[in-house]
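Data first, discussion second: the structure below is written as structure tokens.
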Amino acid sequence: MKSFIYFLVALAGIFLLANIMVNDSGYVLISYNNATFETTLWGMLVLAMVVSGVSWLAWLIIKMLFGVTSLVYPITREARERQARKLMTRGFVEFTQGHWKKAERYLSKAADSGDSPLLNYLAAARAAHENDNHEASAEYLRQADRKEPGSDLAIGITQAQLQLSSGQLEQALAMLTKLHKQHPRHGYVLKMLKQAYCRLHDWQALSTLLPQLKKQKIVADQEYRQLEQKCYGALFEQAYSKGRSFNTSDDRLKPANQVWNNLSSSLKRDPEMIYRYADCLAQLNGENKAESVLRERLGKYYNSDMILLFGKVKGRDTSKQLHFAESLLNERPNDASLLLTLGRLALRNELWGKAKEYFEASLRHQRHVDTYNELGRLMAHMEDHEGSSKYFQEGLRLAADSVVDLPLPAIAHR
């Protein structure tokens, strides 16, 4: 019903318009120089409508043609950006799938015409690097710098990553050092710098970086402790190698003392660091100094490595050294390492019976090759050859625990 009413209204309008056109057609005259154009008003309106329709249709055809040709060669800015986004998406898909050559091609094209040149050039550089095209990789980084001159950090990090992965450690370190000066608190730069120092075995430089790693919480606590021990352990090894080249005792110990003095207060309480320092001193013929270092710290920071080393070094007063070790026995009466050390110190003081008792007590708590060997040596010098042979055999059996205890021929008695 409503549609019929609309139809009647439209029909009435058409009849009204036709009546107006018949009664008064109007007149339009257009004159330009010597040329004139005459028509009715209604004819002029129809002509205007035809021209508008033709123009609109022509625009649609042109726009359609532009859309088709932009698949091959983007013409408009909008088309170029749309095409660049498609290339970028396809490039990253190829990148994640490990198709480095295709990824490089798509990403480099996207960088040339898209609105994200930095991201595309950096990804293209990575793809070229993975494809072992290092020259192209470096060129993409240079183009990224030209396109985005304020992106030194992102470009530098990418370059350092690629250099580290390809083993160009010196070049990576140079770049990271530069970035570190510009951004001293940047976490990822610090992490990469740590990696470069470790791979270059530049332990001295790493030791200066450690406080920053701890302050910025770049690595977890357990990893940091391991890194500290590895770093300073290597520095003590270097101190030993350096100290051996000197002639005087003081000069030989200087490198080890310098490493120790550079330790933080917490590291100076670390039993592992105390042991490494004392062991380095002992190897450089500084046994008196090593004994003093251990004696001052064993009461508070006791561990088995330290007490075993204490039994091997010779202090200025071996009797005093023995009495100090015996004072530790009150709190650790069943400590096999301490009892072994006491036996060795008793030997230094020529207390043969006491040494034997300490060694035997140590074996009751823990069977150890060194204890068997010490007892074997002691029994041999006490002319107890049967006992000496027994202990040496036990020590050998313990050292070669992979040997199966199979039957052997009887010993012939003469």
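Every number here is computed from the coordinates shown, using simple stated rules; none is lab data. Everything quoted here is computed from the prediction, not taken from an experiment. FYI the Cβ positions are ideal-geometry reconstructions off the backbone, even for glycines, and counts take in every protein chain you see.
Observations on the model:
- In the stretch 70-150, Rg over Rh equals 0.98, where Rg is the alpha-carbon radius of gyration and Rh the Kirkwood radius from pairwise Cα distances.
- In Hz, Karplus ³J(HN,Hα) per residue of the stretch 204-212 (6.51, -1.76, 1.60; θ = phi - 60°; x = Gly, Pro): 5, 5, 5, 4, 6, 7, 3, x, 5
- Note on Gln168/Lys215: beta-carbon distance plugged into 1/(1 + (r/R0)^6) with R0 of 35 Å gives a FRET efficiency of 0.75.
- Taking the Cα centre of the stretch 229-304 as reference, the dipole from Cβ charges on Lys and Arg (+1) and Asp and Glu (-1) amounts to some 140 debye.
- Size of the stretch 141-258: Rg and Dmax of its alpha carbons, in Å, are 17.5, 62.
- Extension gain, His183-Leu57: 0.36 nm per intervening residue step, less the Cα-Cα distance, totals 39.4 nm.
- Among Glu78, Glu104, Glu139, the order by Cβ neighbours within 10 angstrom, fewest to most, reads Glu78, Glu139, Glu104.
- Equivalent ellipsoid semi-axes - Cα gyration tensor, the stretch 229-304, angstrom: 20, 14, 9
- Entries in Lys191/Lys254; Lys101/Lys194; Lys289/Lys312 that, when Cα-Cα distance is taken, lie over 21 Å: Lys191/Lys254; Lys101/Lys194
- Among Ser52, Ser207, Ser304, the ranking by other beta carbons within 10 Å of each residue's beta carbon, starting with the fewest, stands as Ser52, Ser304, Ser207.
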